[in-house]
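The values are calculated or read from the model by the stated rules, or taken from the named source; none is laboratory data. Computed from a prediction, not measured in an experiment: that's the story for all the values here. Positions of Cβ are generated from backbone atoms using ideal geometry, with glycine treated the same way; all protein chains shown enter the neighbour counts.
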Amino acid sequence: MSVGLLTGLWLVTVLLVWATVTYNRFVALRNGHRTAFAQIDVQIQKRHELIPSLLGAVRAGLSQERETLQWVAAARQRASDARMAAIQEPCHPFLLRQLDAADLDLSRSMADLLAVLAADPKLQGDGSVAELIATLTGTESRIGSARQAFNEAVSDYNTAVAQFPASVVATLCGFRSAPWLRAPVGAPERVPMAVAL
């Protein structure tokens, strides 16, 4: 064998090993941000399970606030539907925008409900309502932390996909940038759920 042939085989082998390692890195990073999305989903699901309990606990005391209660219930259903769609394809930009919009609507409706609860002296003394609100507040905090971890994992993945020469492997193997999970433009910061009950 000639030196040129051996050198060529060596270069091809090195290139194949590099491409394989790069491909596996993309897979690991993609799985990392999908796992991070699953952590968000766990907390969102917990919030969605807590809201009916809170609505049930305050329904009798807030019969005059039927519209607010209905708005919260409808917002929860929309957020739950958006969550179920996003679970199917957590990297789909449109589904993540829908989830963000539904989550924002739910947060706004919950802020309205909590303002009503804070103004009702009878409900302020209800220990079960206070406990549900405290649990929801903790869940909101965990959602924020999980959202940040997801966005960091997406950033790591997107950086790896965009960097040359690894971007060549990404393009050839179908790895595309993943969307971040963020509230729509103009959205206020999440209203804290803690109220003085």
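Among the residues of region 104-124, are any at pLDDT below 90, under 24 Å from PHE37 (Cα atoms), in contact with a Leu (Cβ under 9 Å, 6 or more places away or on another chain) and outside any helix (DSSP H, G or I)?
No, that holds for no residue.
Only one residue in HIS48, HIS33 is surrounded by 18 or more Cβ atoms within 10 Å (Cβ to Cβ) and either assigned to a helix (DSSP H, G or I) or free of Cβ contacts under 8 Å to residues at least 12 places away in the same chain (or both). Which one? Quick ask: steps written out before the conclusion?
Working: HIS48 fails: surrounded by 18 or more Cβ atoms within 10 Å (Cβ to Cβ).
On inspection, the qualifying residue turns out to be HIS33.
Among the numbered conditions (1) without any contact (Cβ under 8 Å) to a residue 60 or more places away in the chain; (2) surrounded by fewer than 17 Cβ atoms within 10 Å (Cβ to Cβ); (3) assigned to a helix (DSSP H, G or I), tell me where SER177 comes up short.
In the conditions (1) without any contact (Cβ under 8 Å) to a residue 60 or more places away in the chain; (2) surrounded by fewer than 17 Cβ atoms within 10 Å (Cβ to Cβ); (3) assigned to a helix (DSSP H, G or I), SER177 misses (3) alone.
If only one of ALA73, ALA79, ALA101, ALA38 is touching a His at 6+ places or on another chain (Cβ under 7 Å) and assigned to a helix (DSSP H, G or I), which one is it?
ALA79
Name the residues in region 1-22 that are surrounded by fewer than 16 Cβ atoms within 10 Å (Cβ to Cβ) and under 15 Å from VAL161 (Cα atoms), would you?
TRP18, THR20, VAL21
Kindly list the number of the only condition in (1) under 24 Å from GLY127 (Cα atoms); (2) free of Cβ contacts under 8 Å to residues at least 40 places away in the same chain; (3) assigned to a helix (DSSP H, G or I); (4) not acidic (Asp, Glu) that fails for ALA60.
The single condition ALA60 does not satisfy is (3).
Listed here are the residues, each with its yes/no results for (1) modelled with pLDDT under 90; (2) within 12 Å of the chain's Cα centre (by Cα).
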position	(1), (2)
MET1	yes, no
GLY4	yes, no
ARG30	no, no
ILE44	no, yes
ALA57	yes, no
ARG76	no, no
ASP81	no, no
ALA85	no, no
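Identify, from the list ALA153, ALA149, ALA134, the residue that is surrounded by 19 or more Cβ atoms within 10 Å (Cβ to Cβ), among the hydrophobic types (A, V, I, L, M, F, W, C) and modelled with pLDDT of 85 or more.
ALA153
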